[in-house]
Amino acid sequence: MKPTKNIIAISGSLRAGSSNHGILRFLGKLAPANVNYAIYDGLSQLPHFDPGLDHDDPPETVTALRKLLTEADGVVICTPEYAFGVPGSLKNALDWMVSSGSLVGKPLALITASTGGKNAHASLLLTLGALSANVLEDATLLISFIRSKMDGDGNITDVETANKLKTAFTALLNQL
């Protein structure tokens, strides 16, 4: 058996019942036995980014997230679009990663699932490029009108969407 790998999944939505959390749970069910897949739930606990606090001893929640990302073999970000942009809590978390190098070269799947999503998706590609993350082209997916592709329990009901998610996740797994 291959050695155990770790994937950290981050939702750009703080709402536990969001479509984005549903997608992350769907992907978690696809993880093979040799992959530890964990959904990070501390986004709301991160302080607002303050360059004055970004030094050798940053806030504990920031240190914990940096450690998770540094130790991860791969990362999945699944986010909605809010007001034609990236949710503030997700952008805040990424701002904290700039000086740490936690995402440098890290294989990353980016899924934007929202009513529209193209503005947030484009913005995140720029931000992740600035962080030198290895955003995998085959693991990058924009899913518009996501709520019409899920049931009330957050399960993917649209076969095409499920297949695209499987393909994107497989592309990430192949880079671990």
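What order do you get for 121, 48 when you list them from fewest to most C-beta neighbours inside 10 Å?
Values: 121 22, 48 10.
In increasing order of surrounding Cβ atoms, one gets 48, 121.
Per the Kirkwood definition applied to all pairs of different Cα atoms, how many angstroms is the hydrodynamic radius of the range 10-57?
Result for the range 10-57, one decimal place: 12.9 Å.
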* Structure fact -> At R0 = 30 Å the Cβ-Cβ FRET efficiency linking residue 15 and residue 56, nearest 0.05, sits at 0.30
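Which FRET efficiency, nearest 0.05, do residue 33 and residue 151 yield, Cβ-Cβ r, R0 35 Å?
On the way: r = 28 Å, r/R0 = 0.79.
Efficiency, from the Cβ-Cβ distance: 0.80.
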* To do: Note the full-extension length gain between residue 64 and residue 137 as 0.36 nm times their separation in residues minus their Cα-Cα distance, in nm to one decimal.
  => 23.5 nm
* **In sequence order, calculated HN-Hα J values of the range 141-148 (Karplus, 6.51, -1.76, 1.60; Hz; x Gly/Pro)** => 9, 10, 10, 7, 6, 4, 4, 7
* Under 5 Å between amide H atoms, partner at least 5 residues away or on a different chain: which partners does residue 36 have, H built in plane at 1.01 Å? -> 5, 6, 7
* Write down the Kirkwood hydrodynamic radius of the range 102-176, to one decimal in angstroms, obtained as one divided by the mean of 1/r over all alpha carbon pairs. => 13.0 Å
* **Stretchable slack from residue 125 to residue 104, in nm (0.36 nm times residue separation minus alpha-carbon distance)** => 6.2 nm
* Return one number: the angle in degrees, 0 to 90 and rounded to the nearest 10, between the long axis of the Cα atoms of helix 60-71 and the longest principal axis of the Cα atoms of the chain. => 60 degrees
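Normalised radius of gyration for the range 30-122, please: alpha carbon Rg relative to 2.2 N^0.38 Å, two decimal places. Numbers along the way, then the final one.
On the way: Rg = 14.0 Å, N = 93, 2.2 N^0.38 = 12.3 Å.
Dividing the Cα Rg of the range 30-122 by 2.2 N^0.38 Å gives 1.14.
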* Asked: Of 118/166; 5/91; 5/149; 29/149, which sit over 28 Å apart, Cα to Cα?
  -> 5/149
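Going by C-beta contacts inside 10 Å, put 86, 135 in order with the fewest on the left.
On the way: 86 24, 135 20.
Listing 86, 135 from fewest to most nearby Cβ atoms yields 135, 86.
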* **Residues 8, 23 arranged by fewest to most Cβ contacts within 10 Å** => 8, 23
* Asked: Between residue 25 and residue 160, how many nm apart are label points set 7 Å from Cα along the C-beta direction?
  -> 2.5 nm
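Rounded, prolate or oblate for the chain? Axes are the square roots of the Cα gyration tensor eigenvalues, ordered a ≥ b ≥ c, and the cut-off for rounded is a/c under 1.5.
Numbers: a/c = 1.71, a/b = 1.26, b/c = 1.35.
Taking the square roots of the gyration eigenvalues as a ≥ b ≥ c, the chain is oblate.
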* In debye to the nearest 20, how big a dipole does the range 5-173 give about its Cα centre with +1 on each Lys and Arg Cβ and -1 on each Asp and Glu Cβ? -> 480 debye
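Readers should treat all values here as calculations from the given coordinates under stated rules, not as data from a laboratory. All values derive from a computational prediction rather than experimental measurement. Reconstructed Cβ throughout: ideal geometry from the backbone, glycine too, with neighbour counts over all protein chains shown.
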